[in-house]
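Single-structure report; data block below.
Readers should treat all values here as calculations from the given coordinates under stated rules, not as data from a laboratory. It should be emphasised that the depicted structure is a prediction, and the values quoted were computed from it without experimental measurement. Cβ atoms come from the backbone with ideal geometry, glycine included; neighbour counts cover every protein chain shown.
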Amino acid sequence: MRLTDYPIQNLKEEPADAEVVSHRLMLRAGLIRRLAGGLYTWLPMGLRVLRKVERIIREEMDRAGALEVSMPVAQPGELWVESGRWDQFGPELLRFKDRHDRDMVLGPTHEEVVTDLARRELKSYRQLPVNFYQVQTKFRDEIRPRFGVMRAREFLMKDAYSFHADEASLDEGYRKMYVAYDRIFTRLGLRFRAVQADPGAIGGTGSQEFHVLADSGEDAIAYSDGSDYAANVEMAEALAPAAPRPAPSQAATRVHTPRVKTIAELAAFLSVPVERTVKAFVVESHDGAPVLLLVRGDHEVNLVKVGKLAGLASPARMATPAAIRAAFGADPGSLGPVGFSGRVIADRTVAAMADFVTGANETDWHLTGVNFGRDCPEPEVADLRNVVAGDPSPDGHGTLGIARGIEVGHIFKLGSKYSEAMGATVLDEQGKSIVMRMGCYGIGVTRVVAAAVEQNNDERGIVWPEPIAPFQVVLVPLNWAKSARVREAAEALYRDLATAGVEVLLDDRDARPGVKFADAELFGIPHRVVIAERGLDAGKLEYRHRRAADNEELPLEGAVDALRARLGVPG
RNA sequence: CGGGGUGUAGCUCAGCCUGGUAGAGCACUACGUUCGGGACGUAGGAGUCGCAGGUUCAAAUCCUGUCACCCCGACCA
């Protein structure tokens, strides 16, 4: 492509309302434009990237034996009533009525449609297993679409659904998808990690997320340095400390702590390490009664874990300040287990603490030297907290580190949730009707593009991984307008590279060198060739990889072959 | 949904408090100079000041309503 044929302007100035680097760079480089909140147009340069991602995904899905289909975006509401999700799904599900006043939805996902397809088409165990996939537009009416195409309302998703006669076949289908995903993200040139995940509301028996590693990622991932254990922090188990609880050595003492708000302030005020403090949270049980949760001052409560505890509201609900005052007679900030008669659950770490500091259940007062079994009853013990770096790995091998990631893929064993509700059955060898097992497997295709930028950029712009760069090579002729020699050399190289099947972008604008260099770097094209009179005199071109700091000389003679040899070589 | 903020040229913003001819930089058009890291000069095109009411001789500016967008929202328990 010639840049003079490309009408899209890139932006020198930062768009005012773009928060994250990928959004800013995608706008600046002219990959996307916003239509309305969470709705984006993909411009030619951006679409080239998107199509490359799609192609790699399709190739690997096909290789794994999945069958591509295309299901409608608009779906009848009655299918959602049948699966039970008409009521379960919140306002994220965009609903509307057609001209006959029938309920319709814009599909946020396609379990209902594909299960309907399966129950009509699949009648025998001999047709199984099968995996249907599509690359298709999804609509989710997010409360707060953010970060450009990272969390848009309309987005492109690869979704796949497998159907099986039994659990063993589901396991096998799931494993195949794991392998396919591993290949996909490897081929995309991204640094990623597969992690154990919370199956959450979708239910089922197993689930793993694929995260692109980036410091700006919204999710935290715990991984072991001594094994291949990796899990979303929501899921990673915090083991009980190895050392037993020490014997009490201090008497419980009331301390006035006025204007002390944070745990850090409390520790400083009392001159104790934060590891000696215990903070208290109040959640609601099934019947709305307050339940006191205790975690160490420097730890964070994990509400996903809390929501799974027996007897507690699920998902977890924090008690209101009014309810807290009624139950404890103190404001949040001065709560503790001493004198509280309700249910108390301590984190495993807290259960092994002695002589700790905690709230006195009187506003602006704390207690020091508190011990379980002496000052208050022994609490229930559970894993309540997020793991932190340095915790032992739950599989017993190594210690955990924490990384940040962007979730770009998720694979689930669904089991029979949808097939049961919608009556998707086949006949087995005995001619008996059995409910099919299902798996589902998603990749956020548009999000992959944003995540790739988020992971690969520098102060000058995007640094595309080679497999998904919009162009492989950019030609930067200097003094294009005046120098016939430069034009001829650039045109020849452009033609020869294109003939050789290289995706090449020619900057044939009458622009100053600085402008061309800056744009080439903003666009993030991996390989750059400068054509200038200076070098032509010596029969040379200048080559530079986007990740490299310095130029290399490239003989004009045989330049096409020399360049082709470099394509695909990581920088 | 609650709280905060912003809507003025394609983009980034000033002007609003204190009402009186709608501005700057970038981008765009033409011409000239310039040409290896986001040039410069001259001339130009481009905005119903989000929208609707109201106050006023006069509204981008004050008032009311409305829409859109952005940010924050229970780790201080």
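Between the helical axis of A:111-121 and the dominant principal axis of chain A, each derived from Cα atoms, what acute angle in degrees is found, rounded to the nearest 10? The angle comes out near 70 degrees. How many angstrom lie between the Cα centre of segment A:130-163 and the Cα centre of segment A:432-491? Answer, in whole Å: 20. On the basis of the beta-carbon distance and an R0 of 51 Å, A:R254 and A:V304 show a calculated FRET efficiency of 0.90.
Full extension of the chain between A:A36 and A:E19 yields a length gain of 4.5 nm, computed as 0.36 nm times the residue separation minus the alpha carbon distance.
Annotation: extensible slack from A:L567 through A:S227 equals 119.0 nm (criterion: 0.36 nm per residue apart, minus Cα-Cα distance). Take the Cβ atoms of A:E167 and A:R317, set R0 to 30 Å, and the FRET efficiency comes out at 0.30. Charges on Cβ only, +1 for Lys and Arg, -1 for Asp and Glu, centred on the Cα centroid of segment A:317-365; of A:T320, A:G359, A:P332, which one is farthest towards the dipole's positive end? So the residue we want is A:T320.
For chain A, the relative contact order works out to 17 percent when only alpha carbon pairs closer than 8 Å and six or more residues apart are counted. Net length available on complete extension from A:R175 to A:V69 is 36.0 nm, with 0.36 nm assigned per residue and the Cα-Cα distance removed.
Amide H contacts of A:G415: A:T205, A:M438, each under 5 Å away and 5 or more positions distant or on a separate chain (H built 1.01 Å from N in the peptide plane; Pro and chain starts excluded).
Could you please rank A:H211, A:H397, placing first whichever residue has the fewest other Cβ atoms within 10 Å of its Cβ? Spell out each step's value before the answer.
Working: A:H211 29, A:H397 13.
Least to most surrounded, the residues fall as A:H397, A:H211.
Of the peptides A:468-477, A:121-130, A:222-231, the ranking by mean beta-carbon count within 10 Å, highest at the top, reads A:468-477, A:222-231, A:121-130. Principal-axis analysis of the Cα atoms of chain A puts helix A:44-63 at an angle of about 70° to the longest axis. Give the shape of segment A:480-558 as rounded, prolate or oblate, defined through the alpha-carbon gyration tensor: a ≥ b ≥ c are the square roots of its eigenvalues, a/c under 1.5 means rounded, and otherwise the shape is prolate if a/b is larger than b/c and oblate if not. It is rounded, given that a/c, with a ≥ b ≥ c, falls under 1.5.
Database remark: amide H of A:E68 closer than 5 angstrom to the amide H of A:Y133 (H placed geometrically; neighbours at sequence offset of 5 or more, or on other chains; Pro and chain starts carry no H). If only the Cβ of Lys and Arg carry +1 and only the Cβ of Asp and Glu carry -1, the dipole of chain A around its Cα centre is close to 840 debye.
For segment A:323-452, the relative contact order is 17 percent, taking Cα pairs closer than 8 Å that sit 6 or more residues apart in sequence and dividing their mean separation by the residue count. Ordering A:D87, A:D116 by the number of other Cβ atoms within 10 Å of each residue's own Cβ, fewest first, gives A:D87, A:D116.
Counting only lysines at least 8 places from A:K138 when in the same chain, those with an alpha carbon closer than 26 Å to its own are A:K52, A:K97, A:K158, A:K176, A:K413, A:K417. Between helix A:445-455 and chain A there is an angle of about 90 degrees, using the helix long axis and the longest principal axis of the Cα atoms. What does the C-alpha gyration tensor say about the overall shape of segment A:186-329? Classify as rounded when a/c is under 1.5, otherwise prolate if a/b is larger than b/c, or oblate. Because a/c hits 1.5 or more and a/b exceeds b/c, segment A:186-329 counts as prolate. May I ask which residue of A:V21, A:L3, A:G77 lies farthest towards the positive end of the charge dipole of segment A:1-107, with charges of +1 (Lys, Arg) and -1 (Asp, Glu) on Cβ and the Cα centre as origin? Checked the options; the winner is A:L3. Look at the Cα gyration tensor of segment A:55-206: its axes a ≥ b ≥ c give a/c of at least 1.5 with a/b at or below b/c, and that counts as oblate. Peptides A:252-261, A:372-381, A:52-61 ordered by packing proxy, namely the average of other Cβ atoms within 10 Å per residue, highest first: A:52-61, A:372-381, A:252-261. Summing charges over neighbours of A:D219, with a neighbour being any other residue whose Cβ is under 13 Å away from its Cβ, gives -3 when K and R count +1 and D and E count -1.
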